[in-house]
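Working notes, structure below.
Just so it is clear, none of the values below were taken in a lab; they were calculated from the coordinates. Just so it is clear, the model here is predicted, and its values are computed rather than measured. Methodologically, a virtual Cβ is constructed for each residue, glycine included, from the backbone with ideal geometry; neighbour enumeration extends over all protein chains shown.
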Amino acid sequence: MNQQMNTLFLMRNFGMMPFLRFSLSALCLYPLSGKGQPLQKVFYLNGSAITEKQDKVYLSYYSNTLQKGINDSCKIIDGHFFFKGLTTDPAVAFVRLTRDRIVDDQTAIIFIEPAKMEIKLTSSPFEVVMSSGSKTQFEYDSLNEKKKLLREKYKQIISEFEKGNKDRPEIKMEPFYEGLRQLDYTFFASHPNSFATGYMLQFYYRQLSADALSKYYYNMDNTLRTSIYGIRLKDLIPKIKLTLPGKRAPEFTSTTYKNETISLSNFQGRYILLDFWADWCVPCRKNFPSLIKLFNKYHDKGLEIIGVGDNDFKQEAWKKAIENDKVGIWHHVLRGLQKNEIKEIDKTKSINDQYNVHLLPTKILIDQSGLIIARYQGEEGDAALGNKLQEIFK
């Protein structure tokens, strides 16, 4: 249900944006270089559009051929537009009608690949449908058709959840989430070499064990293993083991938005919730009201919250979001990205990388002795976090 949001963080780390700074963590993986120079392969994307006032289409994707993110645009002329580019393998692309690169319900996710493809776009309601050309897209569409049936089954509960009814409908959502997961697991098993599998596994690195992810990885063929998704998955597997519940939380020192210096060790003896977010992450900020309630309820009993903002290069937007959302009642620090002399991203001091956080929102709960006791990813973790804190502070 929140695939676009989870993609946010993946998008920005693939280097596709200067950035909103959904990965979906994003959602939003900086470019990863493969071995050798990729072959030059061309994709052609023909589109027809029915729009109201919009006269341009925007396309963002990571080109494995060029080893960088591409942000392209095309004018709509007589209801048609056309994109041409280079990509060695199938890749996730994001289609929008505005220059704004925030991933939301006005963003469509499609798979492009070296082929001639056709898509149809409408602006009201916003929808993009690929009619021909991408095998990966059709595999992905077949999975989403099954998910539509599941959403229809849970239609009433989903509606209650989205309205935020007081009877905690999020608890009733777990069978729906589990159903979605089982559909994905079945897809991974039946489509081990699909680039859709490689893409979606990026969202499961916290829900599956390192052994399970390894099994999926070694079931892939060499083409998918050596793609950006396969390389990323292989890189994640050993790192997952370092920040699992039961491991000691990595120490960090940073400056808050109030210009105070804090270290994680300053709060030893209290429970600490690290909230990884960004001003551009819609589900992150949507969660703030419930997080405020938890903070007010448990702060005096021993809970501290440290927000880790992925806004190092847009600090004013970060500060404005903190003030507008009234979350300055807890500590806020930046992720810790820097640019070196040649303007390359330096992640040496990145708190997100220390904690192996590659999707937003992510929350990590640390106990009084400094051990990680739980990790929560996306909106699905909200109910579990509330239950965990209730258990701790009962």
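A few comments on the model shown:
- The overall shape of region 31-133 is prolate: from the C-alpha gyration tensor, with semi-axes ordered a ≥ b ≥ c, the ratio a/c is 1.5 or greater and a/b exceeds b/c.
- For region 253-392, the C-alpha radius of gyration divided by 2.2 N^0.38 Å, with N the number of residues, is 1.01.
- Region 60-135 versus region 169-234: alpha-carbon centroid distance in Å: 23
- Of K53/K116; K247/K394; K247/K314, pairs whose Cα-Cα distance is over 30 Å: K247/K314
- Under the convention that each Lys and Arg Cβ holds +1 and each Asp and Glu Cβ holds -1, the size of the dipole of region 253-392 around its Cα centre is about 200 debye.
- A protection proxy built from the mean count of other Cβ atoms within 10 Å ranks the segments 241-251, 267-277, most packed first, as 267-277, 241-251.
- Semi-axes of the equivalent ellipsoid of region 138-243 are 30, 17, 10 Å, computed as sqrt(5λ) over the eigenvalues of the C-alpha gyration tensor in descending order.
- Positive-end residue, region 31-133 charge dipole about Cα centroid, Cβ charges, pick of N46, Y61, F81: Y61
- The aspartates and glutamates within cross-link reach of K339, meaning a Cα-to-Cα straight distance under 15 Å and a gap of 8 or more places when in the same chain, are D310, D312.
- Charges were assigned to the Cβ only: +1 to each Lys and Arg, -1 to each Asp and Glu. The resulting dipole of region 138-243 about its Cα centre is roughly 240 debye.
- Cβ charges +1 (Lys, Arg) and -1 (Asp, Glu), total dipole of region 31-133, debye: 380
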